Structure formats: structure tokens, C-alpha cells
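Here's the structure we're looking at; comments come further down.
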Amino acid sequence: MRRYPTSPVPDFKISPNESPKLAPRTDLATLKTLLPYLWVYKWRVILALLCLVGAKMANVGVPLVLKKLVDQMSITPSHPQAMLVLPLGILAAYGALRLSTTLFTELREFLFARVTQRAVRTIALRVFRHLHALSLRFHLNRQTGGMTRDIERGTRGVGSLISYTLFNILPTLVEITLVLGYLVTHYDIWFSVITGVALVLYIGCTVFITDWRTHFRRTMNELDSKANTKAIDSLINYETVKYFGNEDYEARRYDDGLRRFETAAVKSQISLSLLNTVQSIIIASAVTLILWRATQGVIDRKMTLGDLVLVNAFMIQLYIPLNFLGVIYREIKQSLADMERLFALLEQNREIADKPDAMPLVTQGAQVRFSHVSFSYETKRQILFDVDFTIAAGTTTAVVGHSGSGKSTMSRLLFRFYEVNDGCITIDNQDLRDISQESLRGAIGIVPQDTVLFNDTIEYNIGYGKPGASKSEIVAAARAASIHDFIESLPDGYASMVGERGLKLSGGEKQRVAIARTLLKNPAILIFDEATSALDSKAEQAIQSQLKEISRSRTTLVIAHRLSTVADAQQILVLDHGRIVERGTHPTLLAAGGLYAQMWQRQQVRQDEDLIGAEAA
């Protein structure tokens with residue numbers, strides 16, 4: 001079994017007030033991160049590199065054979081009958097070298113194809129897994145459109161970097177080394193000097209100008225991501241845009257991003273034209289000087305026509321790929337810039353990580369205990385203060401309070417989306433920080449206030465509670481959630497698509513799908529996070545009875561705003577500004593005449609006013 005590299009995670013925190021920032025990386029750091037993914041297939045890499053060297057040796061051998069052919073067929077005083085002899089051996093060698101170049105090149109491509117694709121696949125999968133492992137804080141601050149574009153460009157950049165480096169840059173360097181070695185050992189030193197100086201100037205100018213214009217490319221990437229983020233965000237909130245008639249406003253925001261991108265792209269193109277001009281001047285000057293020295297050598301009878309053909313062939317073979325070296329180097333820099341943000345995502349701090357010796361949760365009744373828990377999203381604004389209570393196994397505890405009092409924060413802490421600042425949370429006396437997150441979340445089911453569904457079928461969304469569940473299990477869960485008859489009435493039944501975020505279903509239908517999904521999961525602990533607050537009274541009553549049924553004999557935490565939905569709870573906690581100010585059953589809290597009684601009275605008055613208004617209408 002192959003083991004892929006895991007890079008260490010740096011210890012830094014994301015400020016809760018800021019969007020996730022991607023730490024800047026050097027090109028060397030990016031390459032160091034990539035190389036281990038390639039070295040997993042080290043034998044394929046080594047064989048591919050040997051094929052690369054073989055292809056270039058054969059390619060350099062072609063001009064040598066061509067020189068011998070021209071010299072043998074040239075009519076000179078010493079060889080007056082040269083053209084009457086057919087050099088079959090040289091012709092065969094010429095054909096064999098040409099064929100060998102192609103064969104070695106294709107064999108190299110064949111050997112390296114799996115290395116490249118597996119590296120891209122492994123990196124993309126690792127980033128995907130890492131994003132799911134990051135904290136809720138990160139995902140609340142991220143911008144989906146820009147991040148997906150970073151991942152897309154980064155994975156594409158991996159393939160591009162490997163292709164350009166191993167199939168273009170390295171072969172060119174090998175060929176340059178072979179050609180310079182031959183020129184030094186067989187001809188006047190000036191051939192090597194001219195070639196070497198031209199190469200140094202060419203590479204130096206290419207690197208300098210390309211590095212100078214790299215920031216234009218990075219600016220383009222950032223502006224492209226921002227424009228894409230605005231477009232995705234606007235389309236996701238399509239209904240809101242239509243409600244307020246802000247189509248033109250959204251178009252202006254999007255066009256502003258495109259305008260900035262256009263400006264950066266024009267600057268990038270101008271700098272590219274400058275680079276191409278400088279490269280062409282260097283190449284034209286070098287080739288002209290080389291041909292001048294070769295022609296002078298033939299005139300002085302120090303070189304043969306074959307030598308002239310050889311030098312000219314060397315220059316063509318050398319400068320044609322070298323002419324594209326600038327383009328390739330720019331593409332490599334672009335790929336590195338694209339990969340920079342991809343690998344920076346891998347370095348985002350997970351914030352919530354399992355201990356090395358974390359054990360799976362073992363439930364024996366699933367008693368939940370909040371022991372003197374304090375928590376704050378930000379250091380300057382504390383949310384919970386010394387929250388202390390126990391949910392006995394198999395009982396229901398309700399948490400009520402005004403908006404912003406910290407009710408939903410308790411469910412997030414129970415799922416361990418965040419770490420508590422003080423105190424601890426236990427399930428059957430097992431601290432959440434000592435158990436694996438996978439087993440913890442496998443033991444908890446939630447029906448949230450805002451049910452978000454995948455843009456897939458109803459069957460898929462219900463089955464998401466238990467991946468791999470059979471159709472009969474999904475149907476049984478739908479029946480228990482009283483949604484089976486509705487699904488059967490649809491033209492496509494369980495294969496009906498629910499649309500983006502489930503927008504094709506009503507609020508009550510989405511809630512029933514969420515209930516069915518939770519029932520299929522069959523958790524030991526249930527959380528109802530204001531599960532009916534967005535529904536009308538009729539739908540609320542219908543779903544409330546189902547919630548009571550599925551919570552029977554399970555440890556249940558109900559977070560509610562409407563007090564009528566929690567009157568039957570064995571324990572009611574009244575939360576005010578992050579503190580438990582009252583606790584007890586519904587009758588005892590009413591008799592106490594405190595905050596709960598005041599909230600109950602206000603809600604009863606509001607319900608009476610709504611009823612009177614309905615009757616009047």
C-alpha cells in the first residue's frame with residue numbers, strides 16, 4: 001500500500017473577524033511540497049529520466065550523422081567521386097537516431113503519465129479532505145467562489161508544472177550540456193563562448209523580466225477569484241437579488257471586478273511583449289555570430305561543409321526549444337503561483353484536531369453533561385458564562401431564551417465545532433476532547449432550523465444519514481417522518497430532484513426530509529435546533545408530534561424560541577446573555593414568575609392577537 005506524504009501543519013490561528021488568509025509561500029517551498037507526491041513512484045520517475053537522456057542523446061547524434069553524410073558526399077580534390085557512393089550505413093544510422101528520439105520520448109510520456117495523474121488526484125483529494133477537517137470558523141469566513149477557483153487552478157497547475165519542467169526545461173538543459181560539450185572539444189573556443197554568453201543573457205533576461213511581471217499574474221488571479229466570488233454569491237442569492245430588483249447593481253459589482261482584471265491583464269500582456277522582444281534580439285544576434293564564425297572557418301579551410309551544417313543544425317535544435325523557454329518559464333511561474341494558494345489551503349490550521357490517542361465514543365445511555373462551560377468566539381465578546389447542567393440519559397432538556405443568548409452555540413460545542421474556553425463537555429463521563437470526532441458526530445443527530453439539502457434526489461438526501469443504506473431502509477425512514485406519501489405523489493418519486501439547497505421543496509417538506517435523514521442515522525443523541533421556528537402553525541404542529549415520537553427514549557437537546565414546543569420537556573433551561581438564569585419544568589417555571597413566565601405570557605398575547613386578526617380577516 002502506497003503512503004502519500006503529509007506535510008506538517010503550522011500552528012497559527014485564524015482571526016474570527018477576518019476572512020481566511022492564505023500564507024505566502026516561496027516557489028521553493030511549493031516545489032518541496034510537490035516532490036514527495038512524485039517520488040512515491042520513484043522507479044517510474046528514474047526510468048522516465050533515463051528515457052529523457054536517451055532521447056536527447058539520439059537527438060544530438062542526428063547533426064553528427066548529417067555532418068558525416070555531407071562530408072562523405074562532398075566533391076573535393078581528395079574525393080572527386082564522392083557523390084557516386086551511396087552511404088547506406090550513414091542513412092540507416094540517421095533513420096535509427098530519428099526513430100530513437102521519438103521512441104524514447106513516447107516511452108518517457110508513457111512511464112510518467114500515471115505519476116502525473118496520480119499526483120494531481122492525490123493532492124486534490126487531500127485538499128478536499130483537509131477542507132472538511134477545518135473548523136466551522138474557517139468555513140464561516142471563507143468565500144466559496146474564490147476558494148473553488150483556487151483549487152481548480154492549483155490542481156491544473158500541478159499537471160502543468162510537471163509537464164513543463166520534466167518534458168521541456170530538463171530536456172533542453174540536457175541538450176544544451178551535450179551541445180556545449182561537443183563544441184568545446186571539437187571547434188574553436190568562440191563557438192562555445194558565443195553560445196554560452198547568449199544562453200546566460202537569454203536565461204538571465206527571461207528570469208528577471210518574468211519575475212518582474214509575476215505580480216501582474218498574481219494580481220490577475222486575485223481579481224479573477226474576487227470576480228468569480230461575486231458572481232457565485234449573486235447567483236446563489238438569486239431570489240434576494242430579484243426581491244430587491246438589484247440586477248443592475250449586481251452587474252455593476254461584477255463588471256467592476258472584470259474591469260480591474262482587464263487592467264491587470266493588459267499590463268501583463270505589455271510586459272510579455274517586452275520579454276518576447278528582448279529574447280528575439282538575443283537569439284538573432286547569437287545565431288548570426290555563430291554562422292559568421294562557421295562560414296569564416298569554411299573559407300579558411302579550417303572547417304568542412306559538414307561542420308557548417310553541423311553547427312547550423314546544433315543552433316536550430318538548440319534555439320528552437322530555447323525560443324520557447326521563456327514561454328515555458330512563464331507557464332511554470334504561473335503554475336507555481338496557482339499552486340501557491342492550493343498548498344496554502346493545506347497549511348490552514350485545523351483548529352479542532354483529535355488527540356493522537358483519541359478513543360471512539362462508547363455510549364451507555366448517552367448522558368450529556370456541560371460542566372461549568374465558558375466560551376467566546378472572540379476574546380472581547382464572551383458568549384457562554386459558567387454553563388452547568390446535565391441531560392439524563394433518555395430524557396429531553398430544552399434551552400430557551402432571547403435571540404443571541406447563546407442557545408445554538410451549545411449545539412455547536414456539543415458537535416465539537418469549537419473548543420470550550422473553560423470547563424468541559426462529557427457524554428457518559430467521556431470528555432469530548434478525548435474521543436474521536438468521527439465517533440462523536442456519528443452518535444449525534446440534528447434537525448436544524450435551516451435545512452440545507454444537496455442538489456440531488458430526495459432518495460440521496462434521505463440516504464445521506466446512512467451512506468449505503470438500502471432503498472427499503474430509506475422508505476422506512478420516510479414513512480416514520482410522514483413524508484413517504486408526498487414523495488410517492490411526485491412524478492419521479494424518490495428520484496425527484498430537490499434543487500439547489502432544496503429550493504424546490506417547501507419548508508415543511510425540507511424539515512420532514514431532515515427528520516427522515518436523522519431517523520435513518522439512528523443516533524443516540526438528538527438535537528432539535530429551532531427545528532420548527534420557520535414553519536407555520538399547522539406545519540409546526542404536524543412536525544412537532546413527529547419530533548416528540550423520534551426523541552422518545554433518546555437523549556435530546558431542544559433549542560427553541562417558541563415555548564409551546566418545549567412544555568413537555570423534563571428540564572427547561574432559560575438562557576439570558578450566556579448564563580442559565582432559571583431551570584425547571586414548565587409548571588415550576590411558570591409558578592416562579594421569572595423570565596420564563598414573562599416570555600410565556602408575551603407569546604400567549606401574541607398568539608391571541610394573531611388569532612383575533614385571523615378571525616377578523
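The values are calculated or read from the model by the stated rules, or taken from the named source; none is laboratory data. Worth saying up front: this structure is predicted, and the values here are computed from it rather than measured. Here Cβ is always computed from backbone atoms with ideal geometry, including for glycine, and neighbour counts include all displayed protein chains. Each accessible area value is taken on the protein alone, full model and side chains, heavy atoms only, with ligands, DNA and RNA left out. Shrake-Rupley method; radii C 1.70, N 1.55, O 1.52, S 1.80 Å.
Being of a type outside the set (Gly, Ala, Ser) and open to solvent by 10 Å² or more (accessible area, probe 1.4 Å): is that true of PHE454 here? It is true that PHE454 is of a type outside the set (Gly, Ala, Ser) and open to solvent by 10 Å² or more (accessible area, probe 1.4 Å). Sub-6 Å Cβ pairs linking a first residue in the range 183-200 that is within 19 Å of SER280 (Cα to Cα) to a second residue that is open to solvent by 40 Å² or more (accessible area, probe 1.4 Å), at least 6 apart or interchain, are ILE194/LEU289, ordered by first then second residue. Taken over the range 565-599, the criterion of being surrounded by 17 or more Cβ atoms within 10 Å (Cβ to Cβ) and not in a strand (DSSP E or B) is satisfied by THR565, VAL566, ALA569, GLY578, HIS586, LEU589, LEU595, TYR596, MET599. For the range 183-196, the tally of residues that are crowded, with 19+ Cβ neighbours inside 10 Å and β-branched (Val, Ile, Thr) stands at 2. Out of LEU125, LEU136, one residue alone is touching a helix residue (DSSP H, G or I) at 6+ places or on another chain (Cβ under 8 Å) and either modelled with pLDDT under 75 or open to solvent by 40 Å² or more (accessible area, probe 1.4 Å) (or both). It is LEU136. Restricting the range 170-182 to residues that are touching a residue at least 24 places away in the same chain (Cβ under 8 Å) and either within 21 Å of VAL309 (Cα to Cα) or outside any helix (DSSP H, G or I) (or both), the residue that is most open to solvent (accessible area, probe 1.4 Å) is LEU178. Of the residues LEU49, LEU99, which is modelled with pLDDT of 70 or more and open to solvent by 70 Å² or more (accessible area, probe 1.4 Å)? Exactly one of LEU49, LEU99 is modelled with pLDDT of 70 or more and open to solvent by 70 Å² or more (accessible area, probe 1.4 Å), namely LEU99.
Residues being over 14 Å from ILE425 (Cβ atoms) and open to solvent by 30 Å² or more (accessible area, probe 1.4 Å): count how many of those fall in the range 369-390.
Adding up the residues that qualify gives 7.
For the range 466-487, the set of residues classified as crowded, with 22+ Cβ neighbours inside 10 Å and either part of a helix (DSSP H, G or I) or in contact (Cβ under 8 Å) with a residue 40 or more places away in the chain (or both) consists of ILE474, ALA477, ALA478, ALA481, ILE487, listed by residue number.
If you go through the range 294-308 and keep only what is open to solvent by less than 50 Å² (accessible area, probe 1.4 Å) and closer than 18 Å to TYR182 by Cα, you end up with ALA294, GLY297, MET303, GLY306, ASP307, LEU308. Among the residues of the range 197-210, is there at least one that is at negative phi, buried (at least 16 other Cβ atoms within 10 Å of the Cβ) and over 40 Å from the mean Cα position of the chain (by Cα)? Within the range 197-210, one or more residues are at negative phi, buried (at least 16 other Cβ atoms within 10 Å of the Cβ) and over 40 Å from the mean Cα position of the chain (by Cα). Listed by position, the strands (runs of 3 or more DSSP E) enclosed by the range 349-453 that each have at least 2 residues that are β-branched (Val, Ile, Thr) and farther than 29 Å from ARG512 by Cα are 381-391, 422-427. Taken together, GLY406, GLY445, GLY423 contain a single residue that is within 20 Å of VAL566 (Cα to Cα) and in contact with a Ser or Thr (Cβ under 7 Å, 6 or more places away or on another chain), which is GLY445.
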